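A quick write-up on the structure given underneath.
Only the coordinates and a few stated rules stand behind these numbers; no lab work does. Predicted model only: the values in this text are computed from it and were never measured. Cβ atoms come from the backbone with ideal geometry, glycine included; neighbour counts cover every protein chain shown.
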């Protein structure tokens, strides 16, 4: 199966695979979770396609799941919780079917990852790539018609409002996590994944929310941030420069405590492949600087996994709700595969990381994961 050295292969873009490979219309507030109730066999089939391609980690179809998105789709609270957990159960069913047909693989080889998008993924005009969150989650709601007035940063005079935003985001993430923690499906989850995170204050909120979970049994977890066109979305101040990798890494790993745990993996997702080398090098440099700055005699710091899963070379238009193809999706996938595997092998040489997880995000399909597996000499 799909592991070589310290590199592990995960799956690709689940929602876009349902659209592009299985030709399903999932243009609803629930996106990849749309078929959980109406067509569960297709959900299982999509998971199986990634497993058969070589994935050892499969992500649940829960990226856009929240009480807010289910309410917009017409569901009550009880049905919302049932369907959110059913998404985990469908991934588990795919795993069981795959194991039944592949005797050389064990249950512990395959991990189920609970996919959780940022708060911005719940908004009508999606803000997972921009981070323009309305109060109390951010400074102001996104306005599509007027240029130059959108901001995702608080001013220095708005420190109290920013603290409220972190509290509100932590409550959002914790409420959603408890849907799974309070259900038997929690035992099926191996990894918690917080992905496409566009703001450092949301990183802080996620760490705080996870810190409230130990009574449920701690699991491995990662936070992956998003860098559209190679730039982190959050501004340093309203209208100011964007934050850098050093700021993001600082938010990910500094000030560890039981109430503020450090993720077992950090990474970047749903970003174009051509920007990854520079972004990941900057992450590694910032992380190494953090390690060097730690006081001698401090507690042992567990190295995180590096998680890297670029999109297929596209950008999302949140207003038109369409993917804008740069041409890579059709003409450059072979190069996409080579660049990603080369990056993984290069980063695997450094002691910074406990290991490397690679895969794909939106507009990457089982065929792309199979190509990654072949490039890694795994199949």
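Placing a pseudo-label 7 Å from each Cα along the Cα-to-Cβ vector at residue 256 and residue 155 gives an inter-label distance of 3.9 nm.
Each part gets one Cα centre, and for the range 31-45 versus the range 82-129 those centres are 11 Å apart. Listed by Cβ neighbour count within 10 Å, with the fewest neighbours leading, 227, 305 appear as 305, 227. Full extension of the chain segment joining residue 145 with residue 78 gains 20.4 nm, where the gain is 0.36 nm per residue of separation less the Cα-Cα distance. A straight chain from residue 289 to residue 351 at 0.36 nm per residue would run longer than the Cα-Cα distance by 21.0 nm.
Shape class for the range 3-375, computed from the alpha carbon gyration tensor (a ≥ b ≥ c): rounded, with a/c under 1.5.
GNM on the chain, alpha-carbon springs under 10 angstrom: the most fluctuating residue among 77, 215, 274 is 215. Top mean-square fluctuation among 253, 231, 191, Gaussian network model of the chain, C-alpha springs under 10 Å? For the chain, modelled as a Gaussian network with Cα springs under 10 Å, the answer is 231. Note on the chain: antiparallel DSSP beta bridges, both residues inside, total approximately 20 percent of the bridges counted.
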